[in-house]
Structure formats: C-alpha cells, structure tokens
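Written out below as structure tokens is the structure these notes cover.
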Amino acid sequence: MSSNDRVIIFDTTLRDGEQSPGASMTGEEKLRIAKALERLKVDVIEAGFAIASPGDFAAVKAIADSIKDSTVCSLSRALDADIDRAAEALKGANSGRIHTFIATSPIHMQYKLRMQPDQVVEQAVHAIKRARNLCSDVEFSCEDAGRSEIDFLCRIVEAAINAGARTINIPDTVGYAIPHQYAETIRQLLNRVPNADKAVFSVHCHNDLGLAVANSLAAVVAGARQVECTINGLGERAGNAALEEIVMAIKTREDLLGVHTRIDTPHILSTSRLVSGITGFPVQPNKAIVGANAFAHESGIHQDGVLKHRETYEIMSAQSVGWHTNKLSLGKLSGRNAFRSRLDELGIVLAGEAELNAAFARFKDLADKKQEIFDEDLQALVSDTLAEEAPEHFKLITLEVASKTGEVPQAQVVVSVDGAERSAEAQGSGPVDATFRAIEAIASSEASLQLYSVNAITQGTDSQGEVTVRLEKGGRIVNGNGADTDILVASAKAYINALNLMQAGQKAHPQAADV
C-alpha cells in the first residue's frame, strides 16, 4: 500500500479521556500510559493541555522528554499564551506537535466566543502562524465542526492550510453527526478546498449517539487519514471513538476499507487494562475487542462451530489483540524470573527493581489467598502496587466488620494518618456503608460519594474484587481504586485511595478545552 493508504492513529486518552469525570491522572500515571501507547505504536499521543495547570504542563513535558517513537502533542486554544506554553512543554520532544483550535459553528461563535466569522478566521490564522514559528508540526481543529456551515468550514480550512497547518481536524465535538452526513462533509472539504492536498484531514468523534466509531470509519472511506480516538472509548460525556474498535475494524475489513494502521495490535489488551486500572473505569464484559466476553461463546451451536473452525463465529483471533489461550500463568511456587517474564508478556513495564520487588511481594501474598493467578490478577496487582507508592496521607491498618441477619452492620477501622494510628467505629445500612462511615469519622473529608462500583477481576468465588469509589468535593472529582480477595477490604482501600487523591489536590478537568 502507498503512504496515502495508512491511517494515522492519534490517541487523546491523556487529554480528552482525562476529561471524563473522575478520570484525572497523576503525572506518573500519564507517563506510564504514554509508554504503553508508544509500545502500541500509536502515531500521535496528545499528552495534555499544557496551560491548564502546572501539573498538566509537567506531565506534557515529562512525556515529551521520554517518548521517542511517537509524536507528542499538546492542545492549545487559539491564544498566544496557550501556544507559547505548549511549545515550551514540547521543547524536549523528539517529534512534537501543537494542536490549536477555535470554534466554528454558528451557536459557538455567537454564544461562546461572541465573535463574528471574520474575527474567528483572523484569530485562527494568527494562532497557526505563531505556532508554526515555534513548532514545525501544527494541527488545527474546527471545534464543533459537526454543526458548522460547510461554506464557512471551507473558508477557514483553506486559510488554516495557507497559514501553515499540516493537519486539519474536523471534530464532531457534541456527537451530533450521522455517518453518511459526516462522510459527505469530509468529501466536500477535500473537493472544495483548493489546497486540501497540502494537509492530512483528521476526524475526532464523540459518542453521544453511539456513532463515534461509525462516523470515524465513514470519514476514512471519504478520505480522512487521521483518526483521533481513546483507549476503551474513554472521554467526556459518552466518550470518544474507541481506538481498539477503530484499529481492529480497519485491520479486519481491510478488503473493504483499503487502508491500514501501524498499530501493534497484540498490545491492545494490556493497554486497555492499564488505562482501566489507572482511571478506575472498568470495561464492561460485552465491550468489543477488550471486554471479558468479546471472545466467549456460550451457545452450543457457536461452541461447536468454533471448535470445528474458529472463523465460523470469530472474525478475528483473540491472540491478535493480546488475549491468551491459556490465561493461567502463575502460582505460589512461581519465582521472581517467571513473574517478571509474565509481566513482560503482558506488556507491563516496571520502573526498576524496587517496583518489581514490591509487586512480587504482593503477588506472593495473593498466591497464598487463591490457588490460580490469572493475567487479570497481575494487571490489578501491579496497578494497586504502583498506586500505593504514591504519598499516602491515609493508610488502612486494620478492618473488622460485623454483619448479621436482623442486626445493624458495624465496622471498626484503624487508619494511619500521616503515621499516627487512629481508630473509629460506625454503623451503616450495610457492611460497606458502615466501613465508609467509620473511615469518614477519621478523615472528616466532607466529600460526597458519587459512585461505588464492584467488578470481579476473574471468575470464581476466590476472585479478586476490584472496587472503584468516586468522591466529589468543591467541584473536584476523583476516582479511588482498590483490589483484594476480600471485597470489604477492597472497598476500604478504594475509599482511602480516593481520599489520598483528594488530599493531593488533583486538578479540576480542563473542560474549557473541549474538542
């Protein structure tokens, strides 16, 4: 295939994905995900919105300084300060890109920007020229292009290319588009903009109508050659187009689409698990490609067909995206080398011996509790280990819960607060409620519980439970995670993890940067 047949995969998990309420990540977590995306061979990693906060700037800079095989991108509004800050964060990048945007729909121009169309074009051109003076790779986005007028889109896109933008993004910011209509927009831009051949046309679709992947693929058929997407479809509101679905649709239906990507697909599952573990957003079992049931067959007819010939009911192999036929990997007699090798096979990268030793110690503890250790257990175990290495204001020491039919459940906890042990007990409507009330009696956080979610990591009654707790206080939302074979312990860990994140003062989401 020619170079024009390759679709550039632009991952925005670290920027747009982070705008999901509760999905805010630390700089270290962002770097771990960026390295996984590089291993996946993502073409462009949108590392964040550099001007949003000092933490976001530091994360973009750290990723730019570390990633060598992918282009690292920072978002910026069409404002001088934004562009300068993005350029500063990207100074150490082997390959950097400034992604600047401005709204182009009538409703956004009138009510949000309060600008006339001529002013919008003028500001876009100014921003692109300024960005080009600081970085050779500039992308321009027409925010809310899905509701923009085609004549104005043609005008501003032509001006943007003349100003130096070499990637033009046509985002369906509010998930309003329908595939055939969205494809026609791309087709008209390619046919009507005189200098369209000097830029790569990109699409960025939101999933409000459940059409983000369909719209993206329709745009590829129409001539778009970059797709902006996220791992697990993470993103604001209903999320973004899912990277794994875009990539595997292109790979599986290459006969029809006639394009390809450079994504190393066996790393898809491990990257999905990493993002899920860090953000606390579990993947539903029936999720395409990476869900636990994606390659499961319950029907006898289906089972019989697959046993006779896999392709009777499977259009792609489980191994092609990182699933293993034999998911049982280790037991309590397994040694450190076997443990390290299995982590390598799963694409789990630890920073050094200290992290490996901590993870191995937790593995041994887990192996004493359950006979069979699965890949999913290892993913949760490593995420839990790395999370615990963050500074801890609160730490669970002991938990005792009494729950009996006909009686009010009661919990007693001992929690270390900056090294000093404090105890409390409380009653609740259930054992989890009593546990949280007891912890809160010590923490006095005054945070509001927004979500409590339990997910069994593997099958069986000895499975680890993975718990997500979402807390909100003063407009800031954080997700805490915890995993343990005892679901009450996992719940306590998750609540305390959320309290620690709240204590650390993680930034609010940069909602103003909604592309």
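Right, SER299: small (Gly, Ala, Ser), modelled with pLDDT of 85 or more and out of contact with any strand residue (DSSP E or B) (no Cβ under 7 Å at 6 or more places or on another chain) or not? Spell out how you get there, then give the answer.
Numbers: small (Gly, Ala, Ser): yes; modelled with pLDDT of 85 or more: no; out of contact with any strand residue (DSSP E or B) (no Cβ under 7 Å at 6 or more places or on another chain): yes.
Criteria not met by SER299.
Residues that are without any contact (Cβ under 8 Å) to a residue 40 or more places away in the chain and assigned to a loop (DSSP other than H, G, I, E, B) within the range 138-164 comprise just one, GLY164. Selection of the range 186-205 for residues being in a helix (DSSP H, G or I) and crowded, with 21+ Cβ neighbours inside 10 Å yields ILE186, LEU189. I'd like to know if the range 83-93 contains one or more residues that are within 23 Å of the chain's Cα centre (by Cα), touching a residue at least 60 places away in the same chain (Cβ under 8 Å) and assigned by TED's automatic domain parsing to the domain that holds GLU184. No, that holds for no residue.
Here ILE289 fulfils each of the conditions (1) in a helix (DSSP H, G or I); (2) at pLDDT below 95 apart from (1). Does SER66 fit the bill of being farther than 12 Å from VAL275 by Cβ, at pLDDT 95 or above and hydroxyl-bearing (Ser, Thr, Tyr)? Against the criterion (farther than 12 Å from VAL275 by Cβ, at pLDDT 95 or above and hydroxyl-bearing (Ser, Thr, Tyr)), SER66 qualifies. What are the residues in the range 219-261 that are of a type in the set (A, V, I, L, M, F, W, C), within 22 Å of VAL200 (Cα to Cα) and buried (at least 24 other Cβ atoms within 10 Å of the Cβ), if any? Once the filter is applied, which keeps residues that are of a type in the set (A, V, I, L, M, F, W, C), within 22 Å of VAL200 (Cα to Cα) and buried (at least 24 other Cβ atoms within 10 Å of the Cβ), the range 219-261 yields ALA219, ALA224, VAL227, CYS229, ALA241, ALA242, LEU243, ILE246, VAL247. Check TYR176, TYR182 and return the single one that is more than 20 Å from THR265 (Cβ to Cβ), in a helix (DSSP H, G or I) and hydroxyl-bearing (Ser, Thr, Tyr). Step by step, each of TYR176, TYR182 is checked, and only TYR182 is more than 20 Å from THR265 (Cβ to Cβ), in a helix (DSSP H, G or I) and hydroxyl-bearing (Ser, Thr, Tyr). Counting only residues that are free of Cβ contacts under 8 Å to residues at least 40 places away in the same chain and closer than 25 Å to THR173 by Cα, the range 19-46 holds 3 of them. Looking only at the range 206-218, decide whether some residue is in a strand (DSSP E or B) and farther than 18 Å from GLN284 by Cα. Within the range 206-218, one or more residues are in a strand (DSSP E or B) and farther than 18 Å from GLN284 by Cα. GLY22 satisfies every condition listed in (1) at pLDDT 95 or above; (2) more than 14 Å from CYS229 (Cα to Cα) except (1).
For first residues located in the range 322-346 and over 18 Å from LEU274 (Cα atoms), partners that are modelled with pLDDT of 80 or more and lie 6+ apart or on another chain with Cβ distances below 6 Å form the pairs ARG336/PHE360. Of all residues in the range 61-78, those that are without any contact (Cβ under 8 Å) to a residue 60 or more places away in the chain and under 16 Å from VAL138 (Cβ atoms) total 5.
Which members of the range 80-108 meet the condition of being among the hydrophobic types (A, V, I, L, M, F, W, C), in contact with a Ser or Thr (Cβ under 9 Å, 6 or more places away or on another chain) and closer than 22 Å to ASP172 by Cα? If the condition is that a residue be among the hydrophobic types (A, V, I, L, M, F, W, C), in contact with a Ser or Thr (Cβ under 9 Å, 6 or more places away or on another chain) and closer than 22 Å to ASP172 by Cα, then ILE98, PHE101, ILE102, ALA103 are the ones that fit.
Let's see how each residue does on (1) in the same structural domain as ALA434 (by TED's automatic domain parsing); (2) closer than 18 Å to ARG340 by Cβ; (3) part of a helix (DSSP H, G or I); (4) modelled with pLDDT under 75:
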| residue | (1), (2), (3), (4) |
| --- | --- |
| LEU378 | no, yes, yes, no |
| VAL382 | no, yes, yes, yes |
| LYS395 | yes, no, no, no |
| GLU400 | yes, no, no, no |
| GLY406 | yes, no, no, no |
| ALA411 | yes, no, no, no |
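Checking each residue in the range 453-469 for being small (Gly, Ala, Ser), assigned to a strand (DSSP E or B) and at pLDDT below 80 picks out only ALA456. Residues that are small (Gly, Ala, Ser), surrounded by fewer than 14 Cβ atoms within 10 Å (Cβ to Cβ) and either at pLDDT below 70 or part of a loop (DSSP other than H, G, I, E, B) (or both): does the range 273-281 have at least one? For the range 273-281, residues small (Gly, Ala, Ser), surrounded by fewer than 14 Cβ atoms within 10 Å (Cβ to Cβ) and either at pLDDT below 70 or part of a loop (DSSP other than H, G, I, E, B) (or both): absent.
The values are calculated or read from the model by the stated rules, or taken from the named source; none is laboratory data. Bear in mind the structure is a predicted one, so any value in this text is a computation, not a measurement. With ideal geometry, Cβ positions are generated from the backbone for all residues, glycine too; neighbour counts draw on all protein chains shown.
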